[in-house]
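Asker: Once you've had a glance at the structure underneath, I'll fire off some questions.
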């Protein structure tokens with residue numbers, strides 16, 4: 001399970017961009033109390049499907 005700052009570092013995105021991905025459900029997460037955690041598998045899947053989505057546009 002990754003924290004938002006860890007995902008920010010791995011994707012080289014800002015906090016708002018990561019929360020936008022979570023809000024739009026492009027990146028899966030779970031809530032633990034008030035905290036958000038991103039399963040490592042969800043981040044891996046997001047990274048692998050991203051090039052497919054961009055070439056489809």
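Computed from the coordinates by the stated procedures, all read-outs in this text should not be read as laboratory data. From a predicted model like this one, the values you see are computed outputs, not experimental measurements. For neighbour counting, all protein chains shown are included, and Cβ atoms are generated from backbone atoms with ideal geometry for every residue, glycine included.
Asker: With each run of n ≥ 4 DSSP H residues scored as -39500 (n - 2.57), what mean residue ellipticity at 222 nm is computed for the chain after dividing by its residue count and rounding to the nearest 500 deg cm²/dmol?
Answerer: It lands at -18000 deg cm²/dmol.
Asker: Averaged over all directions, how much area does the convex hull of the C-alpha atoms of the chain cover when projected, in nm²?
Answerer: Dividing the Cα hull surface by four gives the mean projection, 3.9 nm².
Asker: Between residue 20 and residue 1, how many nm apart are label points set 7 Å from Cα along the C-beta direction?
Answerer: Going from the residue 20 label point to the residue 1 one covers 2.7 nm.
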